[in-house]
Amino acid sequence: MNINIREATFDDAQLMAELTRAAWANRVSASSSGHREAAPRVAHDLQQGGGFILLVDDKPAGSVRWLPVDTETDVWEIARMGITPELRGHRLSQHLLEAVIHHALTADVCELRLAVRADQPQLLDLYAAYGFEIAPELDYSHANPLEPLPNVMRRFLRR
């Protein structure tokens with residue numbers, strides 16, 4: 001399995017929307033906005049922050065985005081990380097997470113945040129292994145009011 005990660009461009013907005021919808025299918029609650037992901041939203045996120053696309057044997061297999069927190073530009077929220085169904089179970093999302101962490105370090109970001117859906121508690125241990133800690137004092141800026149509040153996790157890169 002040949003794995004590559006490349007930075008997303010605005011031309012990738014439709015592809016990233018498709019990857020998100022595929023990753024969410026039969027995995028995340030039907031009320032999640034990820035099922036209705038559209039290119040304009042992705043393009044907005046890429047303009048405000050950035051993203052990566054994971055390729056397996058030169059075929060797009062997953063993606064992730066990050067956005068600066070509104071009030072703190074040196075704090076990023078990681079969003080919409082997912083792997084297509086046919087390639088789940090190969091720990092590929094870890095490559096995306098590591099790419100975001102490395103990119104944040106080189107961009108002099110001081111903190112990364114992410115949200116773990118209430119229906120996916122198994123992810124808490126994965127993120128904890130990468131130095132993320134549950135931060136109950138933080139709110140997730142993209143929380144869906146139709147669903148239970150997610151667990152927000154943070155990792156300090158510098159203090």
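Picking from residues in region 105-122 that are in contact with a Lys or Arg (Cβ under 9 Å, 6 or more places away or on another chain) and surrounded by 18 or more Cβ atoms within 10 Å (Cβ to Cβ), the one that is farthest from Asp74 (Cα to Cα) is Leu114.
Among the residues of region 135-145, which ones are modelled with pLDDT of 75 or more and surrounded by fewer than 14 Cβ atoms within 10 Å (Cβ to Cβ)? Listed by number, the residues that qualify are Pro136, Glu137, Asp139, Pro145. For Val100, the criteria (1) touching a residue at least 60 places away in the same chain (Cβ under 8 Å); (2) of a type in the set (A, V, I, L, M, F, W, C); (3) within 20 Å of Val56 (Cα to Cα) hold in every case but one, which is (1).
The values are calculated or read from the model by the stated rules, or taken from the named source; none is laboratory data. Remember, it's a predicted structure, so these values are computed and weren't measured experimentally. Cβ coordinates were reconstructed from backbone atoms using ideal geometry, including for glycine residues, and neighbour counts include every protein chain displayed.
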